[in-house]
1. Rank-order 237-244, 53-60 by packing density, defined as the average count of other C-beta atoms within 10 Å over each peptide's residues, highest first.
2. Nothing charged except the Cβ atoms of Lys and Arg (+1) and of Asp and Glu (-1): what's the magnitude of the dipole of segment 29-199 about its Cα centre? Round to the nearest 20 debye.
3. Per-residue counts of other Cβ atoms within 10 Å, averaged by peptide: what ranking do you get for 41-50, 132-141, highest first?
4. How much of the DSSP bridge set in segment 29-199 is antiparallel, in percent, rounded to the nearest 5?
5. How much net charge surrounds LEU114 when only the other residues with a Cβ under 13 Å from the Cβ of LEU114 are counted, with Lys and Arg +1 and Asp and Glu -1?
6. Mind listing the phi-derived Karplus ³J(HN,Hα) values for segment 156-170, rounded to whole Hz, using 6.51, -1.76 and 1.60 with θ = phi - 60°, and x for any glycine or proline?
Amino acid sequence: MRWPAAFLLLRLAITCIILHGFDVSVSEFQPAVGCPESCFCSEMVNGGLVVSCSNMHLITVPRGFPNTTQHLYLDNNLLVTVPSDSFIGLTMLCGLDLSHNRLTHLEPGAFRGLADSLISLDLSSNQLETLDPEGLGDIRAHTNLSHNPWQCDCRLQLAMPQLLLDPSSLAEVVCNSSEPEELRAQGLPFILVATDVDFCGAYRKTTDVVMLITMFVWFTMVISYLVCYVKHNQEEASRHLEYLKSLPKIQGR
Ligand SMILES: *[C@@H]1O[C@H](CO)[C@@H](O)[C@H](O)[C@H]1NC(C)=O
Ligand SMILES: *[C@@H]1O[C@H](CO)[C@@H](O)[C@H](O)[C@H]1NC(C)=O
């Protein structure tokens, strides 16, 4: 009675080992068709791929995503930057999730090659302080920019007009701090504040003051040099005069 059951178990175990071995050999010999390590790939009905690398403790963006990837999840990892050309060749990519990472910056050309396909980009819950037009390039996707410690300053004000992002994205850029601080933009959406505050005007004022102080210091130095020079010459001249005055007396004797 027990024999058939034990036999079945043994057969299952052997099948499992054989299949597992087979699987390994496939991914070893044909790495091009495989998914990047630490990601899961699943095919959609239209033939596109959903690639999920969420919650993998990734510290760098993996390379070699299949070129049929349509949705890519890199959320909840430990990424601090997105290097240039990270997603090059992914001409079908329409959704990219980079939320809940530690992104502090995007390198120039980070999203190169995605301008025509990308519809949605999630950069929420990261450590971004400013938007770099070079990093975002020419992507027009709707972008979730919420939950980042945005620093509202001249740099951000200059960057805004250069961005092609879907305009609704920018409403979520809420100031965490402002420079200059007295503008008190904290807690307010940047686009609201930026309409009537010139962050760069204050910056220009400070540089003007610095210029003025520098010029004043130079001017003082030049004047004091001149005064010293004149004083020194006066002493020299009077000494010379004394000497000349004493001459006839010497001759007289
Ligand atoms: C993906 O790459 C393969 C082989 O390199 C190529 O034949 C195919 O056209 C590419 N597909 C896309 C959508 O770029
Ligand atoms: C943007 O991201 C935040 C935090 O990750 C999330 O709560 C919010 O629902 C997202 N907004 C949209 C429009 O997806």
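Every read-out reported here was derived from the displayed coordinates using simple, explicitly stated rules and does not represent laboratory data. None of the values given here were measured: they were computed from a predicted structure. Positions of Cβ are generated from backbone atoms using ideal geometry, with glycine treated the same way; all protein chains shown enter the neighbour counts.
1. Listed from highest to lowest mean packing, they are 53-60, 237-244.
2. 440 debye
3. 132-141, 41-50
4. For segment 29-199, the DSSP antiparallel bridge percentage is about 20.
5. With Lys, Arg at +1 and Asp, Glu at -1, the net is -1.
6. 5, 5, 6, 6, 3, x, 8, 7, 9, 3, 3, x, 5, 4, 6
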